[in-house]
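First the structure, which I've put down as structure tokens, then a few questions once you've had a look.
The values are calculated or read from the model by the stated rules, or taken from the named source; none is laboratory data. Note that the coordinates shown come from a computational prediction; the quantities given were computed from them, not determined experimentally. For neighbour counting, all protein chains shown are included, and Cβ atoms are generated from backbone atoms with ideal geometry for every residue, glycine included. Just the protein is used for accessible areas: all its heavy atoms, side chains included, with ligands, DNA and RNA removed. Shrake-Rupley method; radii C 1.70, N 1.55, O 1.52, S 1.80 Å.
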Amino acid sequence: MTKQPHPSYIGRFAPSPTGLLHHGSLLTAVASFVDARAHQGSWLVRMEDLDPPREEPGAAAAIIKSLEAHGLEWDDTVLFQSQRSNVYQETLSKLSGWTYPCDCTRARLKTLNGIYDGHCRRSPAQQQPSSLSTACSTAPATALRIRVNDTPIVIEDLIQGHYQQQLLSGVGDFILHRKDGLFAYQLAVVADDIAQNITHIIRGSDLLDNTPRQCWLFDLLKQPRPVFGHLPVIVNSAGQKLSKQTFATPINNSEASANIAAALHRLNHTLPTQLISAPCPEQLAWAIAHWQRERIPKTMTIASNKPT
Ligand code: GLU
Ligand code: ZN
């Protein structure tokens, strides 16, 4: 892909088709869309269908249909991560000086409480040529990890404010290519955000603690980091994020206006009464005209999965 000069705002919505859209993912779609349009930006949709075992058949098509039903019109064509292995492979080879194979067992990793201890760390010079699996696109014999250091990675988030993390002590060297041959989310998301020239990432705050790892990859690839804004994640009364696992109710496309009204209300941009049941494009036009990022709450809890 040759890079064109790009406008100052390109945003995106990047759902994983593990289930239908629910009120949490619709909130992310609405906020990323309105924020982009309010800044004269473009808004792209990328289907993160990178992990077939976790996907639900038909979910990708259903998500696209729901976006259409809610007046969320995207630019360009929808990108499908399942078709982009060559891009991820290429990105991996650009990072090969920083990666190493890890053959730690699941049992060993379990004892580490999520912070990898660098057990398999080798500098590239110490690696056997055969273990540099970046050239093959099938399952590597081992996982590939990327080295990190402990320099704090600092983010000024548009919504959550200052956030920082030291990767070495906070997560350790992390996986880019899984043992089962699947590319890791961290690698694919950065490769695609670069390929699509994304400048602004508005998404759920459950991903805030992934952001420093992604910034590390942007830095190593010598690409500018996007601006980040992490939305409040809707949690149920038990404090769980809405997801398929917590039985979040899928949104109903025939209640699109009510769904948009509820999402805007949660974003502290409550529609005027006369627009509560107006067609979605009219509701969204109001939101674009009245959008103020500072109004977005940092956290939110609701008693049930249903909008109130
Ligand atoms: N596909 C990820 C998810 O649905 C979101 C990725 C992102 O926005 O960076 O959780
Ligand atoms: Zn290891």
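From the residues in the stretch 72-105 that are β-branched (V, I, T) and in a loop (DSSP other than H, G, I, E, B), which one is farthest from ligand 2 (Cβ to nearest atom)?
Applying the first criterion (β-branched (V, I, T)) to the stretch 72-105 yields 77-78, 87, 91, 99, 105.
Checking the rest, the ones that are also in a loop (DSSP other than H, G, I, E, B) come to 77-78, 105.
On the way: T77: 39, V78: 36, T105: 9 Å.
Restricting to residues being β-branched (V, I, T) and in a loop (DSSP other than H, G, I, E, B), the top hit is T77.
May I ask you to list pairs of residues, at least six apart or on different chains, whose Cβ atoms are under 8 Å apart, with the first in the stretch 106-128 being more than 12 Å from ligand 2 (Cβ to nearest atom) and the second being modelled with pLDDT under 95 and open to solvent by 50 Å² or more (accessible area, probe 1.4 Å)?
Going by the 8 Å Cβ cut-off, the qualifying pairs are P124/L132.
Further question: Within 24 Å of D76 (Cβ to Cβ) and in contact with a His (Cβ under 8 Å, 6 or more places away or on another chain) - does that describe any residue in the stretch 168-186?
From the stretch 168-186, those within 24 Å of D76 (Cβ to Cβ) are 183, 185-186; that's our starting set.
Going one step further and asking which of them are in contact with a His (Cβ under 8 Å, 6 or more places away or on another chain), we end up with 183.
Yes; the residues of the stretch 168-186 include at least one that is within 24 Å of D76 (Cβ to Cβ) and in contact with a His (Cβ under 8 Å, 6 or more places away or on another chain).
Something else: Find the residue count for the stretch 15-44, including only residues that are within 11 Å of ligand 1 (Cβ to nearest atom) and either in a helix (DSSP H, G or I) or touching a helix residue (DSSP H, G or I) at 6+ places or on another chain (Cβ under 7 Å) (or both).
Qualifying residue count, the stretch 15-44: 10.
Yes/no per residue for (1) farther than 21 Å from I64 by Cα; (2) at pLDDT 95 or above:
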site: I201; (1), (2): no, yes
site: F247; (1), (2): no, no
site: N268; (1), (2): yes, yes
site: P272; (1), (2): yes, yes
site: I296; (1), (2): yes, yes
site: M300; (1), (2): yes, no
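Here are the criteria: (1) crowded, with 21+ Cβ neighbours inside 10 Å; (2) over 11 Å from the mean Cα position of the chain (by Cα); (3) closer than 15 Å to I146 by Cα. Tell me which single one V190 does not satisfy.
Going through (1) crowded, with 21+ Cβ neighbours inside 10 Å; (2) over 11 Å from the mean Cα position of the chain (by Cα); (3) closer than 15 Å to I146 by Cα one by one, V190 breaks only (2).
Sticking with this structure for a sec: Please go through the stretch 29-44 and give me each residue that is open to solvent by less than 10 Å² (accessible area, probe 1.4 Å) and either of a type in the set (D, E) or farther than 12 Å from I10 by Cβ (or both), ordered by number.
A29, V30, A31, V34, D35
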